[in-house]
Amino acid sequence: MEHLERCAWVLRGTLVRAAVRRYLPWALAASMLAGSLLKELSPLPESYLSNKRNVLNVYFVKVAWAWTFCLLLPFIALTNYHLTGKAGLVLRRLSTLLVGTAIWYVCTAIFSNVEHYTGSCYQSPALEGVRNEPLSKQQCHGQGGFWHGFDISGHSFLLTFCALMIVEEMAVLHEVKTDRSHCLHVAITALVVALGFLTFIWVWMFLCTPFTSTTCPRKCLAPCSGYWAGTGHTGSGT
């Protein structure tokens with residue numbers, strides 16, 4: 001328990017700062033632009049983390065919103081109940097997650113439609129020989145073709161969205177004070193550690209995103225959407 005509390009103390013001191021909430025979006029945007037330009041000008045060799053089948057990508061990134069939702073749900077509920085003691089206010093704060101889910105769903109649907117309406121099916125990865133028959137990306141792949149459209153990076157959006165939303169919600173820890181005798185102390189401490197490590201995973205995988213195949217404009221557009229979604233739909237606090 002002592003190690004858990006020390007870890008939570010470090011994470012609180014790092015992620016709860018106002019400066020982190022203020023400058024993290026700019027840091028993510030700058031890293032995405034720099035990484036994308038570096039890849040365009042001087043392609044780097046393939047690595048394990050650039051492989052879409054790496055462990056973090058398969059078991060975390062692809063279900064990033066599920067991880068974020070499942071950890072933020074008890075965190076928001078416990079911290080707000082500790083501060084207010086009112087179930088009604090807790091439920092109102094939990095509606096943040098419903099709004100976040102709606103934003104995630106709508107944005108990913110928009111990205112998918114943009115790729116669909118701007119794309120075509122080709123016979124080879126070199127974009128040679130347009131196929132006119134397939135009407136969708138799935139049909140194109142099913143017939144052995146290669147779909148190419150304006151593919152806005154869903155990973156960049158999702159990782160930005162999740163990281164910024166966690167940081168925004170953890171700002172409530174400025175007001176949450178518990179000691180070891182408090183009944184919620186262990187649960188809140190464990191959630192702080194879990195959310196902290198999850199945030200670092202999202203940021204780390206985001207930093208690896210520029211070295212994937214998506215072109216610079218497509219990758220840079222997604223974090224802008226993630227920034228608006230992660231910080232614009234709700235404020236932190238009770």
Among 94, 136, 126, flag the residue with its Cα farthest along the positive direction of the charge dipole of segment 1-146, charges on Cβ as +1 for Lys/Arg and -1 for Asp/Glu.
94
Arranged from highest to lowest average of other beta-carbon atoms within 10 Å per residue, in what order do the peptides 63-76, 196-209, 16-29 appear?
196-209, 63-76, 16-29
Treating only the Cβ of Lys, Arg, Asp and Glu as charged (+1, +1, -1, -1), what charge dipole size does segment 6-110 show about its Cα centre? Round to the nearest 20 debye.
400 debye
Hey, what's the per residue convex hull volume over the C-alpha atoms of segment 117-214, in cubic angstrom?
134 Å³
Using Cα centres only, tell me the gap between segment 95-146 and segment 1-61 in whole Å.
27 Å
Nearest-0.05 FRET efficiency for residue 34 and residue 98, computed from C-beta distance (R0 45 Å):
0.80
Leaving out ligands and nucleic acids, note down the accessible area per residue over segment 33-117 with a 1.4 angstrom probe, in whole Å².
62 Å²
Where the eigenvalues come from the Cα gyration tensor of segment 7-117, what are the semi-axes √(5λ) of the equivalent ellipsoid, largest first, in whole Å?
33, 21, 15
Determine the dipole magnitude for segment 1-42: charges of +1 sit on the beta-carbon of Lys and Arg, -1 on that of Asp and Glu, nothing else is charged, the reference point is the Cα centre, and the result goes in debye to the nearest 20.
160 debye
Debye intensity ratio in log₁₀ form over the Cα atoms of segment 58-101, taken at each q of 0.34 Å⁻¹
-1.14
Just need log10 I(q)/I(0) for segment 4-68 at q = 0.12, 0.27 Å⁻¹, Debye formula, equal scatterers on the alpha-carbon atoms, no solvent, rounded to two decimals.
-0.54, -1.03
Taking R0 as 25 Å and r as the Cβ-Cβ distance between residue 175 and residue 197, the FRET efficiency 1/(1 + (r/R0)^6), rounded to the nearest 0.05, comes to 0.65
Heavy-atom accessible area of segment 101-161 with neighbours in place, 1.4 angstrom probe: carbon+sulfur share in percent works out to 56 percent
Assuming 1.567 mPa s and 4 °C, estimate D for segment 40-194 with Stokes-Einstein, Rh taken as the Kirkwood radius over Cα pairs, in µm²/s.
68 µm²/s
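The values are calculated or read from the model by the stated rules, or taken from the named source; none is laboratory data. None of these values were measured; they are calculated from a predicted model. In this analysis, Cβ positions are derived from the backbone assuming ideal geometry, glycine residues included, and neighbour counts consider all displayed protein chains. Each accessible area value is taken on the protein alone, full model and side chains, heavy atoms only, with ligands, DNA and RNA left out. Shrake-Rupley method; radii C 1.70, N 1.55, O 1.52, S 1.80 Å.
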